[in-house]
Amino acid sequence: MKPDFSLIEQAQLRLGSFVRKTPMLHAEPLDLIAGRRVFVKAECLQITGAFKIRGALSAISKLSEDARRKGVVTCSSGNHAQGLAYAARAHGVQAIIFMPSNAPSAKLEQTRAYGADVRLFDRATQFGDPMAEAFAKENNLTMVPAFNDPYVIAGQGSVGLELADQIHDQNVNASEVLTCCGGGGLTSGIALALEERAPHLTCRTVEPKGFDDTARSLAAGAIKSNTQTDGSICDAVLSKHPGDLTFSVMQRLCGEGLVVTDEECLHAMGLAFRHLKIAIEPGGAVALAAALFHGDALDTEDVVVIASGGNVDADLFKQALTI
C-alpha cells in the first residue's frame, strides 16, 4: 500500500481528540532576521511534545484485535518512541521500543513513563532498526516504523491539513514550507496533503550538516545513505536514509533540500524561545534555522516552518539560551 490523500483524511478522523490542532505562530523580530515573514507551525506543543504522536496513533488505530493483544515494536531516538508508547497505552497495547543509549534523558524517561518496555542499543556501533525488526519477527509482534509506513505517513499528513487551513485563515503569502526531515514521514505526509489542499505550496526538507541523506537523495534521484550514525545534537532527525515510501513522495513533490549546522539550530532555538515563547529541540529547529539563516536559498515572500518537536534536555536548552 502506498500513502495517498484519502489515507490522510481517514487518519485525521481516527486521530480525533487524541491530538491537538497546534497553532501557527508569528513574531516580527524573526521576520527582520529572515528578511521575510516567518510563520511557525508549533508541533513542539503537540501531545508528547512532537508531531510523532499523529503517525503512531494512526498506525495503532488500524491494528487488528489480534495484533493489539500481541503488542508492537519500534526503534526510535525518542519522539516516535514517546508517540508510540502514548498511543499504545491509549489503546491498551504493549509497546517494546529500541532506543539509542545516548538518546536525551528526557525522551528515555518519558517513554518509560508512558509504559513502554525500553531496550537500549549503542548508536555508534549498532543499527537499531534491524534489531527491532528481528525482535518483532521472532516474537510475532507488529513493527510500527518511525516513518516508512503508509498509516504513519498518513497520520503525519494531518499536519498538512491543518496547515492548509491556517495559511488561508492567516493570509500567508507563502510558496515554500520548510520541514525538519529525518526519514521523511512528516515531509511526505505534509506534501501529499498540500498537493490536494494547497497545491501552490512546495515542501523543502531541512537536515543537519553531515546527515543530509534526503537532500543528497533528491539531488541524485535515488536514495543515498549517511555514512555516520552519530555526531550531531539533532538526534530527532538522524535517520540513515529516507524510506522507499517517503522518498517516492518527496522525489515527486518536494523542492531542493537544505542543510544547516548544529550552531544555527541552537541559535534558532534561543530565538524561538525569546520571540515565540516556545521550546524547540535541535532536530525540531532545523527548519527554523534554515528560514532565519539561509534566506538566500528561498524563493518565497513568506515562509512557513514546521517546529517539529520540543523534547530537549535542560542543559542543552540552557546552552541555546546563551547564544
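Tabulated values for the structure
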item: Residue ID - nearest to the chain's Cα centre (by Cα), chosen from residues in the range 264-318 that are buried (at least 24 other Cβ atoms within 10 Å of the Cβ) and of a type in the set (Val, Ile, Thr); result: Ile306
item: Residues of the range 218-242 classified as touching a His at 6+ places or on another chain (Cβ under 8 Å) and crowded, with 22+ Cβ neighbours inside 10 Å, total; result: 0
item: Members of the range 231-259 found to be in a loop (DSSP other than H, G, I, E, B), modelled with pLDDT of 95 or more and closer than 28 Å to Gln126 by Cα, listed by number; result: Ser232, Ile233, Cys234, His241, Pro242, Gly243, Gly257
item: The range 194-217, subset farther than 13 Å from Arg252 by Cβ and of a type in the set (D, E, K, R), residue surrounded by the most Cβ atoms within 10 Å (Cβ to Cβ); result: Glu207
item: Output for the range 83-111, where each listed residue is touching a helix residue (DSSP H, G or I) at 6+ places or on another chain (Cβ under 8 Å) and either of a type in the set (D, E, K, R) or closer than 16 Å to Lys70 by Cβ (or both); result: Leu84, Ala87, Ala88, His91, Gly92, Val93, Gln94, Ala95, Ile96, Ile97, Lys107
item: Per-region count, the range 91-132, residues hydrophobic (A, V, I, L, M, F, W, C), surrounded by fewer than 16 Cβ atoms within 10 Å (Cβ to Cβ) and closer than 21 Å to Arg54 by Cα; result: 1
item: Filter pass, Gly189 being in a loop (DSSP other than H, G, I, E, B) and crowded, with 22+ Cβ neighbours inside 10 Å; result: no
item: Qualifying residue in the range 266-287 (condition: modelled with pLDDT of 95 or more and either hydroxyl-bearing (Ser, Thr, Tyr) or not assigned by TED's automatic domain parsing to the domain that holds Gly210 (or both)); result: no
item: Residues within the range 121-156 that are charged (D, E, K, R) and within 21 Å of Gly231 (Cα to Cα), tallied; result: 3
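The values are calculated or read from the model by the stated rules, or taken from the named source; none is laboratory data. Quick caveat: nothing in here was measured; it's all calculated off a predicted structure. A quick note on method: Cβ atoms are made from the backbone with ideal geometry, for glycine too, and the neighbour counts reach across all protein chains shown.
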